[in-house]
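One structure is given here, and the rest of the page talks about it.
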Amino acid sequence: MKREHPDSGGSGSGGDFSEPAAASANGKNKCMEEPPDAGMDELLATLGYKVRSSEMADVAQKLEQLEMAMGGICGGGGGGLGFCGGDEGVVSHLAMDTVHYNPSDLSTWLESMLSELNAPPLPPPSAASTASNLPPPPPTEILLDDPLAPAESSTVTTVDFSHNRHGHQIYTSCPSDYELKAIPGRIVYGSDDSGPDKKRVKPSKPSSATTVDLPAASSSSSTSRPVVLVDSQETGIRLVHTLMACAEAVQQENLKAADALVKQISLLAASQGGPMRKVATYFGDALARRIYRRIYPSEDLSLDWAFSDALQMHFYETCPYLKFAHFTANQAILEAFAGHSRVHVIDFGMKQGMQWPALMQALALRPGGPPSFRLTGIGPPQPDNSDALQQVGWKLAQLAETIHVEFEYRGFVASSLADLEPYMLDVRPSEVESVAVNSVFELHRLLARPGAIDKVLNTVKALKPKIFTVVEQEANHNSPVFVERFNESLHYYSTMFDSIEGCGGVAASGGGSLSPGSNSQDQVMTEVYLGQQIYNVVACEGADRVERHETLAQWRDRLGSAGYAPVHLGSNAFKQASMLLALFAGGDGYRVEENDGCLMLGWHTRPLITTSAWQIGQTRTSDDEPPISGLTRPESDSP
């Protein structure tokens with residue numbers, strides 16, 4: 001029920017409230033002759049409160065009564081915030097039936113509040129306490145954009161917490177520059193009242209809210225700001241729903257709806273913190289790039305190889321995924337090379353050569369002396385036509401000389417692995433050298449080109465390698481249905497960003513102790529590295545979309561159909577891979593799992609990358625061979 005009262009706080013027709021006793025007939029006649037503000041206290045008038053000097057004592061008494069009544073609702077609890085175990089009937093009554101006056105008219109405002117609370121009278125306090133117990137200035141209306149407007153079950157409130165000598169006071173919808181503090185217990189929810197016609201709305205249930213810390217206002221500031229508490233958990237759910245709705249609009253080519261939704265994503269993402277905000281921002285940008293293709297040329301959306309390689313260095317330093325990939329693949333190669341005096345590794349993605357120093361050191365420690373080590377590194381052409389592969393080879397040659405390993409290197413530039421032919425790799429007969437082929441995050445790129453993956457698998461078979469190691473992302477980002485691909489990638493990269501945040505940017509140092517080797521810059525660049533993948537998965541199509549990740553089950557079917565048999569990675573690799581994770585801060589969240597002879601690294605319950613090993617036409621188990629020591633540390637993986 002809502003009762004109508006004028007803003008001025010005069011006598012209402014319903015008789016619920018009356019003028020203060022201090023307003024005599026002589027006072028009314030005087031008001032006819034003097035300006036409306038005559039007799040008002042000047043100090044309080046500058047703060048927006050209308051209090052006559054003659055009413056100071058009366059107002060102070062009513063403030064004390066109101067404070068006592070509010071404390072009674074809270075169980076007399078000594079200044080705590082919220083209705084802590086109080087009378088729910090009183091709360092409901094205040095929420096549904098209270099008539100709100102303009103609090104600038106202090107006397108009438110206090111009368112209305114005391115009438116609702118039925119507070120017992122108190123002895124009159126001193127007038128000196130009046131200024132420190134004032135209610136807030138008049139409320140201002142808060143306008144929220146539609147993206148931040150709550151759903152039916154959510155609560156968006158405006159709360160002001162002022163401090164006085166008696167404790168905390170709670171008011172409804174009052175603008176303030178005060179800094180919000182941590183709120184124990186439950187919060188008193190108010191409405192957005194800008195006049196006497198508005199009522200407070202009782203929330204259906206208490207919900208967690210994000211506390212926004214604002215700098216304290218200076219005493220000379222004349223402006224004030226409302227503080228809005230938004231249910232961050234519910235906003236996060238709405239953010240995910242908005243992302244999915246935008247993806248569906250894109251798939252249906254409803255660009256008008258997609259345009260409206262993608263604009264909401266950035267606003268909703270701003271209300272989040274940590275990994276959620278970062279992931280949502282990258283996916284929102286990716287959707288925007290897909291929607292506004294005319295603004296973003298295709299060459300800007302496709303991945304720059306040189307830039308991606310530089311970012312991958314930061315990814316390597318920040319989190320254990322690449323280290324795990326290199327370590328498990330090297331362990332399988334080392335076991336396959338047991339007893340061979342001449343070995344040859346063909347790396348499908350040479351990049352900076354970070355994988356091979358650890359293998360070279362393990363070979364140098366092999367009983368009976370190191371074998372002759374031959375390395376063929378394959379990489380794409382550089383934009384500046386520089387010979388980056390040759391520079392990597394020089395550094396590796398210097399390391400080989402230091403550890404007394406006979407070393408031969410060849411860099412091979414190819415725009416695509418599908419352009420390779422077996423004769424180009426100069427593989428020697430099997431009785432002369434043992435061959436291993438290594439692919440880390442490379443095979444999925446071939447799926448963008450029809451027939452390319454089959455061509456490469458046939459080339460590898462022609463090389464007759466002793467072992468073929470494959471590391472790929474454990475995700476299906478190659479679905480022809482855009483919404484399915486979007487949904488899968490959203491969950492995958494959300495987990496990846498969570499793990500990076502949990503890792504804390506601390507990696508293993510050369511001495512085996514924890515050190516901030518991956519600083520905040522490494523973490524930021526790692527996020528950019530993953531963001532580039534998100535852009536490619538979401539915004540690109542056709543040959544430009546090269547991040548076509550598939551799951552282990554899909555790779556098993558493909559490799560099995562091509563005539564490959566799995567090689568079970570041994571328990572030795574599993575144990576040492578688990579030890580690797582102990583070198584990372586937040587390593588408790590990482591999990592190593594064995595899946596039919598393959599090793600998976602994930603964050604909590606979600607696998608993220610998988611290492612598998614393959615042979616041509618036969619199956620063996622590396623557990624049948626004696627464990628080979630020497631490959632125990634990946635920290636020296638830089639030339």
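Bear in mind that the values in this text are calculations on the coordinates, not laboratory data. Remember, it's a predicted structure, so these values are computed and weren't measured experimentally. Virtual Cβ from ideal backbone geometry, glycine too; neighbours counted across all protein chains shown.
Sort 333-340, 542-549 by packing, meaning the average of other beta carbons within 10 Å per residue, with the highest value first.
Highest to lowest by the protection proxy: 333-340, 542-549.
Which whole-number percent of Cα pairs in the stretch 332-391 have a distance greater than 12 Å?
When every Cα pair of the stretch 332-391 is considered, 70 percent fall beyond 12 Å.
For a 32 Å ceiling on Cα separation, which of these pairs sit above it: K351/K464; K256/K455; K263/K351; K455/K575; K351/K575? Kindly include the intermediate steps, with their values, before the conclusion.
Details: K351/K464 24 Å; K256/K455 42 Å; K263/K351 38 Å; K455/K575 35 Å; K351/K575 28 Å.
Distance filter (> 32 Å) returns K256/K455; K263/K351; K455/K575.
Add +1 for every Lys or Arg and -1 for every Asp or Glu among the other residues with Cβ under 15 Å from the Cβ of H604, and state the total.
Details: positive: R591, R606; negative: E474, D498, E501, D588, E593.
Within the 15 Å Cβ shell, the charges total -3.
For the stretch 357-433, what percent of Cα pairs sit more than 21 Å apart?
On the way: 1140 of 2926 pairs.
Taking all Cα-Cα pairs of the stretch 357-433, the fraction more than 21 Å apart is 39 percent.
Please list 271-279, 609-617 highest first by mean number of surrounding beta-carbon atoms within 10 Å per residue.
Numbers: 271-279: 18.3, 609-617: 21.7.
Most protected by this proxy first, the peptides run 609-617, 271-279.
Would you kindly state how much longer the chain becomes between S266 and H241 on full extension, computed as 0.36 nm times their sequence separation minus their alpha carbon distance, in nm to one decimal? Present the calculation step by step, with values, prior to reporting the outcome.
Numbers: separation 25, 0.36 × 25 = 9.00 nm, distance 1.33 nm.
Separation in residues times 0.36 nm, less the Cα-Cα distance, equals 7.7 nm.
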